[in-house]
Amino acid sequence: MSRINVELPGLDLKNPIMPASGCFGFGREYAQLYDLSVLGSIMIKATTVETRLGNPTPRVAETPAGMLNAIGLQNPGLEKVMKQELPFLEKYDVPIIANVAGTLTEDYVQVAESISTAPNVKALELNISCPNVKHGGITFGTDPVIARELVEAVKAVSKVPVYVKLSPNVTDIVEIAKAVEAGGADGITMINTLVGMRLDERTGKPVIANGTGGLSGPAVKPVAIRMVYEVYKAVNIPIIGMGGVTNAQDVIDFMSAGASAVAVGTANFVDPFVCPNIIEALPAKLEELGVKQIKEIIGRSHR
Amino acid sequence: MIRQERMTVVRQVEIAHHIYELVLQGEIVQDMNPGQFVHVRVSDSFEPLLRRPISIASIDREASECTIIYRAEGRGTQILSQKQVGDQVDVLGPLGNGFSADAAPEGGTALLVGGGIGVPPLYELSKQLNARGVRTIHVFGFATENVTFYEEQFSALGETHFVTVDGTKGTKGFVTDLLEELQPEFDVFYSCGPLPMLRALEQFYPEKPGFLSFEERMGCGIGACFACICKTTENTEKDYVKVCSDGPVFPKGVVEL
């Protein structure tokens, strides 16, 4: 058995590393650079029923050790993702986590019902926390009752386990985590980006066309670690942690706080080879810590 | 093929006010074409975080060297400007689709129009056009004299005109003012620079084939993040294109201006 494999509902992962949704497209671009089969999983870009063109540009801005983005869930729509994107990924030995987004409950249900039948989709990630769309997205992720109802509706149609991506833009993330667990969620992914803003030094106006954007990158890691730590204590379903992961030590930190696997987002833009590099570095990191199996460290900060 | 490489700094010179010419050596050079760009990580730390897209100004395959010309304006490019000969720089490239020198007929004339830091990618293009027996006319606009560069280099390749907004060098005004005055005869035009300039060129020469290089804020540089989207005109197949991977160079008429 490998030293770094982990098991989660629906996901038997050869390693706990996966690119985070929105930071890896549908894998095509990174497939030009390395064999995607080395990855534990891939969280593909959010898929909505209809084709979405997203927000006006500029859509990204740099901040100290971070990045703001307001892409706005641009994607080719359910039909094209099913016909063109997912079959492309079948070439690789890697389970896919499909990120499901929508405006109304019915949209989420429609995407989930269909996309969960794709042969390589082994789990769903419900996107109830995108801060960059006016309707849907975050509105589902900030009210525990609505979040729970949405999870129940999606669970009723999905053929694969359902993970729910939580927003950090709430007063009490534990309350939302408990609500989605009660709704039948098989796991939690966290955190999505933090709503932020940067102003142009000369004009004083927001740099991003949307005004606000989602903050990601190393700057958000302490917030993410704290939230994973709190949620781990409160729920009995596994967590996939993310937020500012750039190296093997960050992975150890997230898993120590309670994550069973870790997603890498913005760091892919800084170094497109970051995921395979982390996977390669993990065994030596475990050796250093005197740990035989990576799963032994999950939640060790609580013990 | 896109590759990541630690390229070696061979030369770094400030050729105009805050404008730097940086020569890098590495294997990536073998795959470079005019109009493509590189994505440069200026620091091994995460501050600043993102890479900087910089156009390729000239390519020397024999020496495995390329030249990039950039304006040291923000934190990232200022750090880059501090790199010394012998230092290594993390480069991802070559990226995007560049200018096609083949679009100009042999024995014909190409008009190259650049604005500010949009001028550099036209240099390698001009060299390749001249090598193919295409006559080049260069019309370049800058804000003021102390940010102008490469007059000698371009003059060696063809008719070269500079225009500055404040009139400190060449004609006073914008490239469009000079183009109206010159009324150049040509077969195809190539351009890189600010959006109003690209827009004006499309309007000026509706009958001529043309190629425009665009700039947009980028995240990944390879087409995965959807940050650098441009809307396409209604009569094209797609609703949008990505500047980093579908461009930065597009035939005129593709991108909605």
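With both residues required to sit in the protein assembly as shown, DSSP beta bridges show an antiparallel share near 50%. A P(r) calculated from all alpha carbon pairs of chain A, with 20 Å bins opening at zero, reads 37, 59, 4 percent. Beta bridges assigned by DSSP with both partners in chain B are antiparallel in approximately 60 percent of cases. Neighbours of A:Val49, meaning other residues whose beta-carbon lies under 10 angstrom from its beta-carbon, give a summed charge of -3 when Lys and Arg score +1 and Asp and Glu score -1. Applying a 4.7 Å cutoff between beta carbons, the unpaired cysteines of chain B are B:Cys66, B:Cys192, B:Cys228, B:Cys230, B:Cys244.
Between the beta carbons of A:Ala234 and A:Asp93, assuming R0 = 41 Å, the FRET efficiency works out to 0.75 to the nearest 0.05.
In a GNM of chain A with a 10 Å cut-off on Cα contacts, which of A:Phe26, A:Phe269, A:Phe254 has the highest mean-square fluctuation? Most flexible of the set in this elastic network: A:Phe269. Scaled against the 2.2 N^0.38 Å expected of a compact globular protein of N residues, the Cα radius of gyration of the stretch B:32-84 reads 1.20. Across B:Tyr205, A:Tyr232, the residue with the most accessible area heads the list, and the full order at a 1.4 Å probe is A:Tyr232, B:Tyr205. For the stretch A:21-161, rounded, prolate or oblate, judged on the Cα gyration tensor with a ≥ b ≥ c (square roots of eigenvalues), a/c < 1.5 rounded, else prolate if a/b > b/c? Since a/c reaches 1.5 but b/c is at least a/b, the shape of the stretch A:21-161 is classed as oblate. Please work out whether the stretch B:147-206 counts as rounded, prolate or oblate from its C-alpha gyration tensor, where a ≥ b ≥ c are the square roots of the eigenvalues and a/c under 1.5 means rounded, while otherwise a/b larger than b/c means prolate and anything else oblate? It comes out oblate by the Cα gyration axes. Distance between the 7 Å Cα→Cβ label points at B:Asp187 and B:Ile79: 4.6 nm. Computed over chain A with a Gaussian network model linking Cα atoms closer than 10 Å, the most mobile of A:Ala123, A:Ala281, A:Ala147 is A:Ala281. Using the Cβ-Cβ distance between A:His302 and A:Ser2 with R0 set to 22 Å, the FRET efficiency from 1/(1 + (r/R0)^6) comes to roughly 0.30. Remark on the stretch B:1-134: hydrodynamic radius 15.2 angstrom, per the Kirkwood mean of 1/r across alpha carbon pairs.
For the segment B:42-49, counting C-beta atoms of other chains within 10 Å of every residue's C-beta and taking the mean gives 5.
Against the main long axis of the alpha-carbon atoms of chain B, helix B:195-204 sits at an angle near 30°. For the pair B:Arg132 and A:Asn120, label points projected 7 Å from Cα toward Cβ lie 3.8 nm apart. Answer rounded, prolate or oblate for the stretch A:161-276, using the Cα gyration tensor with square roots of eigenvalues a ≥ b ≥ c: rounded when a/c is under 1.5, else prolate when a/b is larger than b/c, else oblate. Note, shape of the stretch A:161-276 comes out oblate.
Here the Kirkwood formula puts the hydrodynamic radius of the stretch A:225-303 at 12.7 Å, using every distinct Cα pair.
For the segment A:276-288, counting C-beta atoms of other chains within 10 Å of every residue's C-beta and taking the mean gives 0. In whole percents, the pair-distance distribution calculated for chain B from its alpha-carbon pairs, binned every 10 Å from zero, is 7, 31, 37, 21, 3, 0. The alpha-carbon positions of the protein assembly as shown define a convex hull whose volume is 148 Å³ per residue.
Charge dipole (Cα centre; +1 on Lys/Arg Cβ, -1 on Asp/Glu Cβ; no other charges) of the stretch B:48-179 amounts to roughly 280 debye. Taking chain B as a Gaussian network, Cα atoms linked when under 10 Å apart, which of B:Glu27, B:Glu106, B:Glu47 shows the biggest mean-square fluctuation? Highest fluctuation among the options: B:Glu47.
Compared with the direct C-alpha span, the chain from B:Arg6 to B:Ser45 gains 12.5 nm at full extension, assuming 0.36 nm per residue. To the nearest 10 Å², what's B:Thr67's accessible area with a 1.4 Å probe? Rounded to the nearest 10, the figure is 10 Å².
For the residues of A:20-27, the average number of beta carbons from a partner chain within 10 Å of their own beta carbon is 3. The modelled label-to-label distance between B:Ala63 and A:Leu289, using points 7 Å beyond Cα along the C-beta direction, is 4.9 nm.
The values are calculated or read from the model by the stated rules, or taken from the named source; none is laboratory data. Here the structure is a predicted model, which means the values were calculated and not measured. Cβ sites come from the backbone with ideal geometry, for glycine too, and all protein chains shown count toward neighbours. Just so you know, the surface numbers come from the protein's heavy atoms only, side chains and all, with ligands and any DNA or RNA stripped out. Shrake-Rupley method; radii C 1.70, N 1.55, O 1.52, S 1.80 Å.
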